[in-house]
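Reading through the structure tokens given below for one structure.
The values are calculated or read from the model by the stated rules, or taken from the named source; none is laboratory data. Keep in mind the model is a prediction, meaning the values are calculated, not measured. Cβ sites come from the backbone with ideal geometry, for glycine too, and all protein chains shown count toward neighbours.
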Amino acid sequence: MNRGGKAAAPVSPSATTVFPTSTKRPVIAMVGNPNCGKTTLFNALTGLRQKVGNYPGITVERKEGTVTSESGVVIGLIDLPGLYSLTPHSPDERIARDVLLGYRDDTARPDAIVNVVDASNLERNLYLTSQLLDLGIPVIVALTMGDTALQHGVRVDAAALEKALGVPVIPIIASKRQGLREITEAFTTLPDAPPPPPRRWELPPIVEDEVEEMATLLMQHHDLPPATAFTEATLLLGLPESRAFEDQVARWAPAVQEHLKQDLAGFAVEGIDISTSIAEARYGDVGRVVTQAMRRVEAPPVPISDKLDRVFLHRIWGYVIFLALMALVFQTMFTWAGIPQGWIEAGVDAVKNLAVTRLPAGDLRDLFVEGVLGGVGNSIVFLPQILLLFLFIATLEDTGYLARAAFLMDRLMSRVGLHGKSFIPLLSSYACAIPGIMATRTIDSPRARLLTILVAPLMSCSARLPVYALMIGAFIPPTLVLGFHLGRFEVGLDMRTLTLFSMYALGTTMAFLMAALFNRTILKGEPPTFLLEMPPYRLPSLRTVIYQMFERAWLFLKRAGTVILAISIVLWFLATYPKSQSANASEQVRGSYAGLIGRAIEPAIAPLGFDWKMGIGLVSSFAAREVFVTAMGTIYNVDAAASEDEEKLSIAIDERMKADVDPVTGKHTFTPLVAIALMVFYVLAMQCMSTIAVVKRETNGWKWPLFQIAYMTALAWIVTFIVYQGGKLLGYS
Amino acid sequence: MCPVDKTECSLDCLGRGQKARVTAVGGPNRCRLLELGFTNGTEVEIARRAAFGGPLEIRIRSYRLSLRKDEAATILVSLPVVESPS
């Protein structure tokens with residue numbers, strides 16, 4: 001994603017950003033490992049009083065909410081992304097570090113931390129805790145997943161943990177709302193509580209000296225409080241080598257950078273590895289805490305999760321179950337979503353008709369009906385698919401199955417640089433790229449996520465189907481290709497099925513080829529990561545699932561909706577102006593700016609076998625691909641009566657297209673070869689403003705959507721050129 | 001690819017159910033792996049290997065983590081000196 005870029009712009013940590021003013025409402029940051037039950041707890045605590053957005057300049061989700069205690073004290077709660085440590089490996093971790101150390105201008109440093117700790121995975125969770133305790137701000141531990149831990153033969157003694165860590169520990173069962181009151185009450189006094197006791201973990205003396213030295217330097221040059229300086233010193237000295245060094249240290253004074261370089265060089269010579277020293281020191285102390293707090297209890301010899309995995313991750317049954325589940329997702333998105341989509345379309349049409357009858361005729365009414373309502377209709381029609389896909393994904397994620405699916409599919413996807421978790425977004429893109437792209441948030445590797453977003457629109461979505469149907473119906477004969485006649489029935493593949501299948505195959509193949517290409521070229525610098533945690537299976541929380549569904553739907557409407565509305569108004573304008581004298585719709589379109597663009601691009605599309613009329617179709621398809629059918633209807637002047645019914649419209653256009661001849665050569669403009677070329681173009685070209693709007697939102701800028709338009713248009717042009725010219729050379733017409 | 005010397009090898013050489021102790025971690029994700037608990041002497045067990053040469057599932061510090069084969073290859077482990085496998 002946006003690697004550093006704006007986010008890494010030097011934010012000088014000054015005293016004002018480090019210490020929030022005490023008059024403001026206290027803010028507590030929620031921090032925890034991925035899969036620790038943080039989201040469930042956040043939702044349970046804040047209810048609907050939450051705000052979701054992005055951190056400026058970077059695609060990391062920013063979630064905030066408020067909690068009100070029984071005594072009426074209101075506390076702000078900020079949910080930081082799930083993370084394993086504060087070492088900035090990913091954008092998520094960079095944000096977490098910046099917020100917790102008070103480096104961000106847009107987010108005041110939190111007054112306290114609530115650290116969510118998964119009892120069933122105590123050791124690794126406490127590693128992060130060990131880092132949080134060093135920050136010099138009050139910490140409270142919310143201990144979750146006690147029930148899962150019991151199944152694994154572990155009971156965590158909250159009182160003993162509290163004693164070992166030196167900070168309050170509150171056991172929570174968010175789904176049963178146990179411990180919520182206690183934690184809310186604890187929040188009211190937390191911001192004024194003393195910071196955690198001094199650290200107990202110890203570095204080897206030589207490393208310790210360097211860390212102290214670096215911390216002193218940071219305090220001198222940047223006025224950092226001692227605890228912040230110490231944490232920053234450990235992070236700087238333990239910087240992962242694989243990342244661009246300059247990027248990481250840009251914000252610090254030259255003296256600090258220089259000292260750091262010398263230190264790292266010195267350690268390298270002496271063969272001391274700081275990352276190892278720090279990790280071992282912290283895990284050493286974590287070991288002490290675990291021994292004091294963890295009790296072994298009687299448990300089934302094989303935990304239920306392991307039993308389930310014997311089936312779900314089985315070398316044969318695992319894939320069978322996975323494919324069956326995916327078939328269900330596909331069926332839902334492709335077919336069942338069509339039912340509520342029909343209602344939405346009918347509803348939008350009803351509003352349009354109402355507007356037409358009630359409003360005075362004129363440009364303003366046309367703008368409202370065609371531009372505004374048309375635009376709104378074109379975007380909200382995707383809602384059923386978004387809601388259904390996120391119902392699935394949230395459920396699969398909450399149960400823990402999503403990680404298993406990624407485990408099964410990773411081999412296939414990693415060949416081209418994708419991730420096991422890219423599979424579901426790509427599969428749902430067959431129905432619609434919009435929910436598919438929104439679903440890429442589950443992919444933890446930024447590189448694989450961007451790759452998935454870039455190629456998802458190549459998967460042949462359902463909006464292309466009307467175009468295929470029109471072209472195949474008109475120009476591809478139902479000849480039997482492979483198979484036999486059985487009495488009156490044909491058994492096997494006919495030409496039409498084969499053509500349709502080829503379009504899907506073409507899109508899919510290109511998606512994988514382009515992923516492989518981008519993986520080897522523009523995204524080469526980013527290290528690929530997998531590191532997939534297998535959380536224990538859990539019953540999904542209905543609350544979490546429903547929240548996620550509606551959160552996604554709302555984000556789509558809010559962010560994408562506005563862009564879509566703006567573009568549809570522009571497109572309406574292009575098709576409407578300048579007004580022609582003729583009352584004939586066909587004449588009107590030909591004379592409009594859209595018509596002008598169609599003519600203007602004719603030289604560019606002529607080598608593909610397209611004339612300017614098809615050019616208008618291509619331009620108007622930008623609103624949504626299926627608009628092609630109605631646009632062709634208008635251009636070929638199909639009478640209005642036929643356009644009432646989509647099927648009749650298709651047949652009527654079909655006749656017109658077949659009859660259309662070139663005025664100069666006298667040849668038919670539409671031939672089977674042109675039809676195929678047109679379909680190929682539709683498979684590969686980015687003709688969907690809603691997708692562009694979503695990519696802009698998901699990648700936080702115009703860079704990637706513009707790149708996507710450029711590469712997909714170029715790809716579509718080249719492949720269509722090869723198909724059309726190659727076809728002509730082979731003697732097809 | 002697997003060394004003949006049976007006392008030390010990389011993690012991806014181990015078969016299902018085999019246990020070993022971490023001796024060294026390298027590769028681009030070294031720092032991350034250390035933080036995830038692959039410190040010196042930590043016991044690891046191969047819980048499962050995906051079909052077609054896919055990822056490995058590893059048990060470590062009472063949780064389960066999947067790594068790709070090339071990621072697992074950056075982790076060196078020492079095998080317990082026990083009865084020699086036939």
How many of the residues in region B:17-71 are more than 27 Å from A:Met145 (Cβ to Cβ) and of a type in the set (A, V, I, L, M, F, W, C)?
-> 5
Take the residues of region A:578-596 that are surrounded by fewer than 18 Cβ atoms within 10 Å (Cβ to Cβ) and at pLDDT 80 or above: which is farthest from A:Trp612 (Cα to Cα)?
-> A:Pro578
Would you mention how many residues in region A:141-163 are away from every other protein chain (no Cβ under 14 Å) and either among the acidic types (Asp, Glu) or buried (at least 20 other Cβ atoms within 10 Å of the Cβ) (or both)?
-> 8
Check on A:Gly633, in a helix (DSSP H, G or I), more than 24 Å from A:Lys696 (Cβ to Cβ) and touching a Leu at 6+ places or on another chain (Cβ under 6 Å) = yes
How many residues does region A:314-338 hold that are at pLDDT 90 or above and part of a helix (DSSP H, G or I)?
-> 9
Which members of region B:45-82 meet the condition of being touching a residue at least 40 places away in the same chain (Cβ under 8 Å) and small (Gly, Ala, Ser)?
-> B:Ala72, B:Ala73, B:Ser78
A:Arg243 at pLDDT 90 or above and within 12 Å of chain B (Cβ to nearest Cβ) | no
Only one of A:Ser462, A:Ser445 is among the polar types (S, T, N, Q) and surrounded by fewer than 21 Cβ atoms within 10 Å (Cβ to Cβ); which?
-> A:Ser462
Within region A:689-733, track down each residue that is touching a Pro at 6+ places or on another chain (Cβ under 6 Å) and either over 21 Å from A:Val60 (Cα atoms) or basic (Lys, Arg) (or both).
-> A:Lys696, A:Phe721
Only residues that are exposed (fewer than 12 other Cβ atoms within 10 Å of the Cβ) and within 14 Å of chain B (Cβ to nearest Cβ): list them for region A:269-279, please.
-> A:Gly271
Having 1 or more residues that are among the polar types (S, T, N, Q) and over 21 Å from A:Leu715 (Cβ atoms) is the bar; report the helices (runs of 4 or more DSSP H) wholly within region A:353-460 that clear it.
-> A:374-380, A:383-399, A:401-414, A:423-428
Looking across region A:494-512 at residues that are within 19 Å of A:Ser422 (Cβ to Cβ) and in contact (Cβ under 8 Å) with a residue 24 or more places away in the chain, the single one that is surrounded by the most Cβ atoms within 10 Å (Cβ to Cβ) is A:Ala511
Per the filter on region A:293-307, residues surrounded by 13 or more Cβ atoms within 10 Å (Cβ to Cβ) and either among the polar types (S, T, N, Q) or farther than 19 Å from A:Met534 by Cα (or both) are A:Ala293, A:Met294, A:Ala299, A:Ser305
Sole residue being in contact with a helix residue (DSSP H, G or I) (Cβ under 7 Å, 6 or more places away or on another chain) and surrounded by fewer than 14 Cβ atoms within 10 Å (Cβ to Cβ), chosen from A:Arg358, A:Arg310, A:Arg315 | A:Arg315
Any residue in region B:63-76 that is more than 9 Å from every other protein chain (Cβ to nearest Cβ), assigned to a strand (DSSP E or B), of a type in the set (A, V, I, L, M, F, W, C) and buried (at least 23 other Cβ atoms within 10 Å of the Cβ)?
-> yes
Is it the case that region A:418-426 has a residue that's within 20 Å of A:Pro705 (Cα to Cα), touching a residue at least 40 places away in the same chain (Cβ under 8 Å), crowded, with 23+ Cβ neighbours inside 10 Å and within 14 Å of chain B (Cβ to nearest Cβ)?
-> yes
Filter region A:710-733 for residues that are surrounded by fewer than 20 Cβ atoms within 10 Å (Cβ to Cβ), free of Cβ contacts under 8 Å to residues at least 40 places away in the same chain and under 28 Å from A:Val381 (Cβ atoms) and give the result.
-> A:Ala710, A:Thr713
For residues that are in a loop (DSSP other than H, G, I, E, B) and buried (at least 18 other Cβ atoms within 10 Å of the Cβ), tally how many sit in region B:43-62.
-> 4
Of the numbered conditions (1) surrounded by fewer than 22 Cβ atoms within 10 Å (Cβ to Cβ); (2) within 14 Å of chain B (Cβ to nearest Cβ); (3) over 21 Å from A:Leu555 (Cα atoms); (4) of a type outside the set (A, V, I, L, M), A:Phe368 satisfies every one except a single condition; which is it?
-> (2)
Subset tally (residues that are of a type in the set (Gly, Ala, Ser), closer than 24 Å to A:Leu239 by Cβ and at the interface with chain A (Cβ under 8 Å from one of its Cβ atoms)) for region B:27-62 = 1
Going by the structure shown, is A:Asn115 polar (S, T, N, Q) and within 14 Å of chain B (Cβ to nearest Cβ)?
-> no
Kindly indicate whether any position in region A:68-90 is crowded, with 22+ Cβ neighbours inside 10 Å, closer than 17 Å to A:Asn35 by Cα, among the acidic types (Asp, Glu) and within 14 Å of chain B (Cβ to nearest Cβ).
-> no
Tally the residues that are of a type outside the set (S, T, N, Q), part of a helix (DSSP H, G or I) and crowded, with 19+ Cβ neighbours inside 10 Å, restricting the search to region A:520-560.
-> 8
Scanning region A:280-313 for residues that are of a type in the set (Asp, Glu) and in a helix (DSSP H, G or I), the one farthest from the other protein chains (Cβ to nearest Cβ) turns out to be A:Asp285
Screening A:Gly284, A:Gly377, A:Gly362 for residues that are at positive phi and among the small types (Gly, Ala, Ser) leaves only A:Gly362
